[in-house]
1. How far is it, in nm, from the label point at Y31 to the one at E300 when both lie 7 Å from their Cα along the line to the Cβ?
2. Which values, in whole Å and largest first, are the semi-axes of the equivalent ellipsoid of the range 132-183 obtained as the square root of 5 times each eigenvalue of the Cα gyration tensor?
3. Given the -39500 (n - 2.57) contribution per DSSP H run of 4+ residues, what per-residue ellipticity at 222 nm results for the chain, rounded to the nearest 500 deg cm²/dmol?
4. Specify the inter-centroid distance of the range 247-307 and the range 43-99, based on alpha-carbon positions, in whole Å.
5. For the range 134-145, what does the Karplus curve 6.51 cos²θ - 1.76 cosθ + 1.60, with θ = phi - 60°, yield as ³J(HN,Hα) per residue in whole Hz, taken in order and with x for Gly and Pro?
6. Angle check, please: helix 3-19 long axis (alpha carbons) against the longest principal axis of the chain (alpha carbons), in degrees 0 to 90, nearest 10.
7. Any idea what the alpha-carbon Rg over 2.2 N^0.38 Å comes to for the range 214-330?
8. How compact and how long is the range 3-233, expressed as Rg and Dmax of its alpha-carbon atoms in Å?
Amino acid sequence: MSITSLVLNIGIVAAILTLAIAFLLKLHKSYLMTFFQSFCGVLFIFSGWVKAIDPMGTAFKMEQYFGEFESVFSQTWFSFIAPVFPMLSSVSILFSVSMIVFEIVLGVMLLLGYKPKLTAWLFFGLVVFFTILTGFTYMTGYVPAGVNFFDFGNWGAYKASNMKVTDCGCFGDFIKLEPRISFFKDLALLLPSIYFVERSKLMHQLLDNKKSSWIVFGSTAVLIGYCLYNFVWTEPHIDFRPFKNGANIAAQRKAEDDAQAAVKITAFSIKDLTSGKVIEVPYDQYMKEAEKYGDDKKWEVLEQIKTEASIPRTKVSEFEITDFDGVDFTDMFLANPKNNFMVLSPKVKFETESIKSIVQDSVFVVDTTQISGQNPPKKKFLKLMNKEVSKTDFIWPTSFISDLKSMKPILDNALAEGNEVSVVIGGISKEAADDLALETGIKGTYLTADDILLKTVIRSNPGLVLWKNGTILQKWHKNQLPAYESIKSTFLK
């Protein structure tokens, strides 16, 4: 679904609600106000719901925002604000659930006309917050590498590659919007939000405050439970990500690669450094005059203008698994006819402790009294010396080790029957992986990958994914692990 069709459908629903409220219930005070209440209410309920299905996805997106805000503010006069963002990042899932629930409940409040003045100001505040996020995302496209966002004098021409957060996450993984579209969407929503604040007395009210309060507080409680269920207990019940159950990742990756290979450069966006004017030069002309435009004192190539890929690029194109020396093991999952049980952990927080100990080391000397060339020189014991050695001790979270050990019976049975087991963890070293293998007793091939990629594959940390021939047969949340016999009868036929 595109943003255009979504807005059209919501507009139709809003029009029907407006007619019902005006002609059936006769509770409207202004047709325009009732339409805006209905439209914005339905929009917020829908956009909040697609995020409530996968609150971890929104949490990961907020972590990206907080990381960029910390980087931006730490280099300005407002550096005292920077430490706030790592704190927010540490509670990103709490922030995510709170924001999602607030967005949906605010949509309900708009539809009901609950406490008009309060609802109007809350809506205005949330739209301003969303506009800041989407505006930051879009405008970083004008900020060259190495330039701070607030250094406005050094902003350049827009380049999509400059953007630090590539999409706003407004509709989760359901619809991916270009940052520019997201920003303009929120600018448009500022209009009804200002109208609500200025004309809150014109808002329709479907129920009295007492009944509306019960609905608002009841929906808040239900939504909190719904969000918690979708990440604490299980994987999202609707998976909008490309790594869903049954997805042929190998075929999808090839299709995306082929589509990208077919993309052609049609022109170049070039800036005249003398006049500051940006021009678009057709590809053939640019190639003929390459020497002219190659003068970096007169011209700056801003970006290539390309044809649209027939298949949009997703995280599947970035699917890459390696060992700790950087050797590619991706084909273990994309071109492997065997069943592969993949244990995934995007990131694990652990502590290390350097333990020093004293060991005795024997010192020998070569017996130089022997005649050269007769026999190999003999070594002669001289003395014992104390030697200090250090060893890194890894301290793993108890809950994480417990979760991994809960998967061990499945993995042991899988190995015993000739299947493969791999453990893919983001952000750890080979030494840490070896220690984790000893700690858990899980046998298999230990590998690593980008943590954002692993977060996209599965939300559970850790989680379990069954692969075969480049296809994801099934994903399991750590709290929803079946018995091995159940897996065998269903997937290992």
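We did not get these values from a lab; they are worked out from the coordinates using the rules stated. All of these numbers come straight from a predicted model, not from anything done at the bench. Note that we place each Cβ from the backbone using ideal geometry, even for glycine, and neighbour counts take in every protein chain shown.
1. With each label placed 7 Å out from Cα toward Cβ, I get 5.2 nm.
2. Semi-axes from the Cα gyration tensor: 22, 9, 8 Å.
3. Helix-only estimate at 222 nm: -14500 deg cm²/dmol.
4. That distance is 34 Å.
5. 6, x, 4, 4, 5, 6, 5, x, 9, 9, x, 4
6. With rounding to tens, the tilt is 40 degrees.
7. Normalised by 2.2 N^0.38 Å, the Cα Rg of the range 214-330 equals 1.79.
8. Every Cα atom of the range 3-233 included, Rg and Dmax give 19.0, 60 Å.
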